[in-house]
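Peer 1: Starting off with a structure, shown below.
The values are calculated or read from the model by the stated rules, or taken from the named source; none is laboratory data. Treat the numbers as computed from the prediction; the structure is a model and nothing was measured. Here the Cβ is made from the backbone with ideal geometry for all residues, glycine too, and neighbour counts use every protein chain on show.
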Amino acid sequence: MRSSNPLKNASERLARIAASAARMNDIPFTPAFVERGYNNRAAVPDHPQWFAKFAALSAQARDRYAPKLDLRYGPGPKETLDLFVPASPARGTFVFIHGGYWRALDKADHLFVAGPFVERGYAVAVVNYDLCPDVTIATIVDECRRAVAWLAREGEAHGASAARVVDIRPAATLPRCSSPRRPAHSGSSDIPSTRR
């Protein structure tokens, strides 16, 4: 049970963090160890069939919804986004930042996420960014922030809504890219699931 004393709570939390950090020193962070942790292609042997499915579904979404392709949001070679807009004024804008462990894949591989959102009246921005090792992870974070800032500044001119921006990015990989502006999503049931 937590104490009502905030200083004691903070002290206990710091002690847990320090203990966790000490355990991290026991992990052999060799290149091979890190590669095993971040190489999903090796961990998922049937990944080619998933990539093929993503490509086919993305082509269908591109044909059905006719997004605005390759809108430039920054100076980097890959700093572009594809923007799907609904037929009626957008209720909000969903920002999708693709995965790939900072070094693989492309926005074109993930256009399939747009359909359920566009059908419910949301604009969808599928963001591309430069990849490692050509750039650092810090640069990727800056690029993603530029994408969100561009949407807030220029999105309405392209049919997106800057009033309500919700983002998603690979779990536990990128810090909040929409800072300092927090996304408005709070678990609302009108935001569709992309699970099939």
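Peer 1: If you go through segment 76-119 one residue at a time, how many are over 17 Å from VAL148 (Cβ atoms) and of a type in the set (Phe, Trp, Tyr)?
Peer 2: 3
Peer 1: Quick one: PHE33 ticks every box in (1) modelled with pLDDT of 80 or more; (2) farther than 28 Å from VAL95 by Cβ; (3) not in a loop (DSSP other than H, G, I, E, B) bar one, so which box is it?
Peer 2: (1)
Peer 1: Pairs needed: first member in segment 79-101, farther than 22 Å from GLU143 by Cα; second member anywhere, of a type in the set (A, V, I, L, M, F, W, C) and in a loop (DSSP other than H, G, I, E, B); C-beta distance under 6 Å; at least 6 residues apart or different chains.
Peer 2: ALA90/ALA160
Peer 1: Next question. Looking only at segment 44-89, which residues are surrounded by fewer than 19 Cβ atoms within 10 Å (Cβ to Cβ), assigned to a helix (DSSP H, G or I) and of a type in the set (A, V, I, L, M, F, W, C)?
Peer 2: Correct list: TRP50, PHE51, ALA52, PHE54, ALA55, ALA56, LEU57, ALA59.
Peer 1: Filter segment 16-30 down to the residues that are at pLDDT 75 or above and either within 30 Å of VAL113 (Cα to Cα) or of a type in the set (A, V, I, L, M) (or both) and list them by number.
Peer 2: Answer for segment 16-30, where residues must be at pLDDT 75 or above and either within 30 Å of VAL113 (Cα to Cα) or of a type in the set (A, V, I, L, M) (or both): just ILE17.
Peer 1: If you take the residues of segment 90-107 that are surrounded by fewer than 18 Cβ atoms within 10 Å (Cβ to Cβ) and not hydrophobic (A, V, I, L, M, F, W, C), which of them is farthest from ALA163 (Cα to Cα)? Write out each step before concluding.
Peer 2: First pass over segment 90-107, keeping only residues surrounded by fewer than 18 Cβ atoms within 10 Å (Cβ to Cβ): 91, 99-101, 103-106.
Imposing the further condition that a residue be not hydrophobic (A, V, I, L, M, F, W, C) reduces the set to 91, 99-101, 103, 106.
Values: ARG91: 8, GLY99: 26, GLY100: 29, TYR101: 30, ARG103: 32, ASP106: 27 Å.
Here the residue is ARG103.
Peer 1: Condition check: of a type outside the set (A, V, I, L, M) and touching a residue at least 12 places away in the same chain (Cβ under 8 Å). Does ARG153 satisfy that?
Peer 2: Numbers: of a type outside the set (A, V, I, L, M): yes; touching a residue at least 12 places away in the same chain (Cβ under 8 Å): no.
So ARG153 fails the test.
Peer 1: Return the residues of segment 102-111 that are outside any loop (DSSP other than H, G, I, E, B) and either touching a residue at least 60 places away in the same chain (Cβ under 8 Å) or in contact with a Pro (Cβ under 9 Å, 6 or more places away or on another chain) (or both); say none if nothing qualifies. Spell out the reasoning first.
Peer 2: Applying the first criterion (outside any loop (DSSP other than H, G, I, E, B)) to segment 102-111 yields 107-111.
LEU111, the sole residue that qualifies.
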